[in-house]
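In what follows, a structure is listed as structure tokens, so that the remarks can point back to it.
The values are calculated or read from the model by the stated rules, or taken from the named source; none is laboratory data. The model shown is predicted, which means the values in this text are computed figures rather than measured ones. FYI the Cβ positions are ideal-geometry reconstructions off the backbone, even for glycines, and counts take in every protein chain you see. Keep in mind that these areas ignore ligands, DNA and RNA; they rest on the heavy atoms of the full protein, side chains included. Shrake-Rupley method; radii C 1.70, N 1.55, O 1.52, S 1.80 Å.
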Amino acid sequence: MNDTYTLGPLQAGPPCCDPEPLIRVENLSLHYGTKPALEGVSLDIYKGCITALIGPSGCGKTSFLSVLNRLTDMIPGCRVSGNVHFDNRDLRNPALDVQGLRRDIGMIFQKPVPFPLSIRRNIELPLREHGMSKQADLNEVIQRVLLDVGLWDEVKDRLESSAQALSGGQQQRLCIARALALKPKVLLMDEPCSALDPISSGVVEDLIQRLRGKYTVVIVTHNLAQARRIANYAGFFWVKERAGCLIEFGQCKQIFEAPAHDLTAAYVNGSRG
Amino acid sequence: MSKNELTTVLIWLMAVLVSGVFIWLLADIIIHGLSKLSWSFFVESPQNVGRSGGIGPIIVSTLLILLVAIVTAAPLGLATAVLLSEFTRHDSVFGRFVRRSLDVLAGVPSIVFGLFGNAFFCIYLGLGFSILSGGLTLACMVLPILIRTAEEGLQATPNDYRLATAALGMSRSSALFHLLLPAATPAIAAGLLLGIGRAGAETAALIFTSGYVDRMPDSLFDSGRALSVHIYDLSMNVAGGDASAYSSALVLIILLLIINSIAMGLAKHWLHRSIVTV
Ligand SMILES: Nc1ncnc2c1ncn2[C@@H]1O[C@H](COP(=O)(O)OP(=O)(O)OP(=O)(O)O)[C@@H](O)[C@H]1O
Ligand SMILES: [Mg+2]
């Protein structure tokens, strides 16, 4: 059986002992103008677990993530329908406090986006915006999150220098630290390792592992081996009739070892996609 | 000679020609203008319709007119640019309409602005021939340049900043003030410099608005003669005024150079304060 996998040993993280849905998505559809990008997606994101979303390019994974923190509001012509609930909040409610929501649901982009400010200011800026102004508090948070992402020792002597002078991997970890500083409940990660070399990628992956239990993580990745190593749950997207849809969702172990759907099996075995 | 060499020679020829014309112009003005330049020329009032005496009041009027123009045009221009680039959809009817109008306005000859300024500021608003009328007319004239350059600068800032700040729950206005405007500073400064340059060199728009009077202005409601108007008058209407015209032209060039370097310095300072550049 193991011979069919070429992806290395399977370590699907521990199944969440008590799966408690934090985000519920029902029959979600998304259109860019008249072009459908997602059609009828339903799934639950479980609290404290790492959920990996896999699938070929253009199947709507990024679009799915941006529904969850309402970044779709920023895209002209983007229409969303269906039900999305987070913590008893209706995410489709036009009157929702979007800034508060985005504080609870942080997002990491594929390409790190450090602001052209100092390392310290990068983390301070959103914190100040959310009302933290005492320098002592700020310093404490900065140190804590930089320690969390394993960046503290590398940058503690150069907090005042530009964040854009950091390496790609360091920049991505800074962005994660910046998101963690807001104490989000959920972290959406859109291919956080794809722009990184294997070593930086490994560091970020270890970091994500350590987030398990404390945060709810949804990670999009093209790296199937990575998905198998870190995820508790996995969702497989595929493009059907020009619109992305969710083919299969379940425990990571099941998706990779005993997929219910032929497409999933073909994709995880590397013969399609 | 190979095709490549020919191209090189041609390109060099062009460069030499263009800078040659500029250097000739500058040298002409410096050679003819330098002789009359002295401290008293800067502070004294013109005598004998400008053939002798200095250009003190004219420098003051020029600076006041420029000041009025910049102080009104810069905030208005920046606000419009922000509205266009950040708060309206790029393909909206409103945005397209405003952009098209600005492009048309930018190409309108300055004499038309002069007539408009005369009709609107001098007569309709009752400001008369005054420094205020002239400055406001110049403001209208440089607004299109200011808005379009600032807007392009804002559009050129990475969209990633907008998404990343939004994803951190930050408001659009703080993204604007902390990241987008500082990143667009060079473009905004360039627009401002272009505007000041155009305003400082303007004659036609001022003849009908700020007027000819070469006395020292007491307030913004007094008429005041701008340097460019003075040069025009000396070289066109005053026999034997050429020497003074040359000196005034030299002063105008120096003035614009000084203003430009101050603006550059300020932009750099601001940029450095808000953005770390390594
Ligand atoms: N802003 C947009 N405007 C119009 N169409 C878009 C936009 N963003 C994405 N799309 C389209 O929606 C579909 C899904 O895109 P999406 O970025 O969500 O895919 P993805 O699964 O994240 O792909 P990848 O793995 O390459 O990142 C694609 O066909 C894409 O062309
Ligand atoms: Mg994507």
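Taking 7 Å steps out from each Cα toward its Cβ at A:Val239 and A:Ile75 produces label points 1.4 nm apart. The modelled label-to-label distance between B:Val213 and B:Asp242, using points 7 Å beyond Cα along the C-beta direction, is 3.3 nm. The GNM of chain B, with springs linking C-alpha atoms under 10 angstrom apart, assigns the highest mean-square fluctuation among B:Leu105, B:Leu266, B:Leu67 to B:Leu266. Highest mean packing first, where packing is the average number of other Cβ atoms within 10 Å per residue, the peptides B:72-80, A:86-94 line up as B:72-80, A:86-94. Our coupling estimate for the stretch B:66-82, obtained by passing each phi through the Karplus curve with A = 6.51, B = -1.76, C = 1.60 and θ = phi - 60°, is 4, 4, 4, 4, 6, 4, 7, 6, 5, x, 4, x, 5, 4, 5, 4, 4 Hz, Gly and Pro reported as x. Residues considered: A:Thr34, A:Thr72, A:Thr221. Largest GNM mean-square fluctuation over chain A, using C-alpha springs under 10 Å, is found at A:Thr34.
Please give the FRET efficiency for B:Ser38 paired with B:Ala79, using the beta carbon to beta carbon distance and R0 = 45 Å, rounded to the nearest 0.05. Write down the numbers at each step before the final one.
Working: r = 44 Å, r/R0 = 0.97.
The pair B:Ser38/B:Ala79 has a calculated efficiency of 0.55.
For the protein assembly as shown, the residue among A:Leu196, B:Ile30, B:Val9 whose Cα projects farthest onto the positive side of the dipole built from Cβ charges is A:Leu196. With the convex hull of its Cα atoms as the shape, the stretch A:183-273 has an orientation-averaged projected area of 6.7 nm². Hey, in the GNM for chain A with a 10 angstrom Cα cutoff, which one of A:Asn232, A:Asn83, A:Asn69 fluctuates hardest? Taking springs between Cα atoms under 10 Å, the residue moving most is A:Asn83.
What number, in percent, do you get for the relative contact order of chain B if the mean sequence gap of Cα pairs under 8 Å and at least 6 apart is divided by its residue count?
Details: 378 pairs, mean separation 73.5, N = 278.
It comes to 26 percent, rounded to a whole number.
Among the listed pairs A:Lys61/A:Lys253; A:Lys61/A:Lys185; A:Lys47/A:Lys183; A:Lys47/A:Lys240; A:Lys214/A:Lys253, a Cα-Cα separation exceeding 23 Å is found for A:Lys47/A:Lys240. Measuring how big the stretch A:15-133 is from its alpha-carbon positions, Rg and Dmax come out at 15.9, 45 Å.
In the context of the full set of protein chains, residues of the stretch B:37-277 present 45 Å² of accessible surface per residue (probe radius 1.4 Å, heavy atoms only). Reducing the stretch B:28-48 and the stretch B:155-210 to their Cα centroids gives an inter-centroid distance of 37 Å.
Amide hydrogen proximity for A:Tyr215: with H placed 1.01 Å from N in the peptide plane, no residue at 5 or more positions away or on another chain lies under 5 Å.
Between B:Leu146, B:Leu136, B:Leu180, the Cα set farthest toward the positive side of the dipole of the protein assembly as shown (charges on each charged residue's Cβ, about the Cα centre) is that of B:Leu180. The mean count of C-beta atoms from other chains within 10 Å of the C-beta of residues in A:115-124, rounded to a whole number, is 4.
The interface between chain B and chain A buries about 2000 Å² of solvent-accessible area in total (1.4 Å probe, ligands and nucleic acids excluded). Where a ≥ b ≥ c are the square roots of the eigenvalues of the C-alpha gyration tensor, would you call chain B rounded, which needs a/c under 1.5, or, failing that, prolate if a/b is larger than b/c, or oblate? Oblate, since a/c reaches 1.5 and b/c is not below a/b. Residues of the stretch B:139-177 with an amide N closer than 13 Å to a point placed 7 Å from the Cα of B:Leu125 along the Cα-to-Cβ direction: B:139-141.
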